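Structure first, then comments.
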Amino acid sequence: MSKLSLYEKKAQFDEYFSIASGINVNVRPLKDNETVPDEEGIEGAMPYAFRIASEMATIEAQAIRPLRNLGDHAESLADFLNHQSRKIDLMMSFVLHQQDEEAQRYRSVKYGGGGVIIESASPLDIGTTAELKLFLDAEAAAIFCYGEVITCESVEDSYHIAFIFSAIREQDQELLVRASLHVQTQQLRKRAKEKKSGS
């Protein structure tokens, strides 16, 4: 990541779809003696709750998929399993919220597979690396990763700070892409409903 120029990092950030949506993001800038781990090392740095949540999301997706091929007979079973899954999601969401540090909490302006833009009362220098935790309430999931500041723009009385992901697990990046597309689908449905009721 550090071998890329700032221009290339911005281009890489823009390659991914991102959605304007507010989620809680914890940002902890790294100290001088801390380094961003490589892809294998990120698991060791990750809090246990994040590892479990990610694994559960993967298992859930794999468990429901075969039921789609069973047709009508599987509908009741799928409903039952979806309700069980929802109960587990609620419990997992509660566990993950214990990881949300109020002192490090910001709201996102936009997020996607390439990075996240947060709103902050104070600026951060370009090139600053930070430990990030992104909390996806709708997915009952959270993502632990590292990011690097690629832009810091003054917007009215705050700053919009863009982080490109410098270390993130592939499955977590995929989860972020799915989550952003899910939010977009919800926004489009809401817009269509508003249009219908307004006409």
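All of the numbers you see were taken from the coordinates with simple rules; none came from a lab. These figures come from a predicted structure and were not determined experimentally. Note that each Cβ is placed from the backbone with ideal geometry, even for glycine, and that neighbours are counted across all protein chains shown.
Assorted remarks:
- Lys-Lys pairs in the chain that are eight or more residues apart or on separate chains and whose Cα atoms lie under 20 Å of each other come to 5.
- Computed extension gain for ARG86 through ALA49, at 0.36 nm per residue and net of the alpha carbon distance, reaches 11.6 nm.
- GNM top mover of ALA130, ALA138, ALA167 - the chain, alpha-carbon springs below 10 Å: ALA138
- Sparse-neighbourhood loop sites, GluC sites (Glu not before Pro) in the stretch 129-162 - DSSP loop, at most 13 other Cβ within 10 angstrom: GLU156
- For the chain, the longest piece that avoids every one of the trypsin sites (Lys or Arg not before Pro) found in DSSP loops with at most 13 other C-beta atoms within 10 Å covers 32-199.
- Hydrodynamic radius of the chain per Kirkwood, over alpha carbon pairs, in Å: 18.3 Å
- Alpha carbon centroid spacing (whole Å) that separates the stretch 1-47 from the stretch 136-164: 9 Å
- Residue-averaged [θ]222 nm for the chain, counting only DSSP H segments that reach four residues, each worth -39500 (n - 2.57): -14000 deg cm²/dmol
- Here the label points at GLN104 and LYS193, each 7 Å from Cα along the C-beta direction, are separated by 3.6 nm in the simple model.
- Selected from SER108, SER154, SER21 as most flexible by GNM, with the chain as the system and alpha-carbon contacts under 10 Å: SER154
- With a simple spin-label model that places each label point 7 Å from the Cα along the Cα-to-Cβ direction, the separation between ALA11 and GLU153 comes to 2.0 nm.
- Most mobile listed residue (LEU132, LEU175, LEU188) in the chain, GNM with C-alpha springs under 10 Å: LEU188
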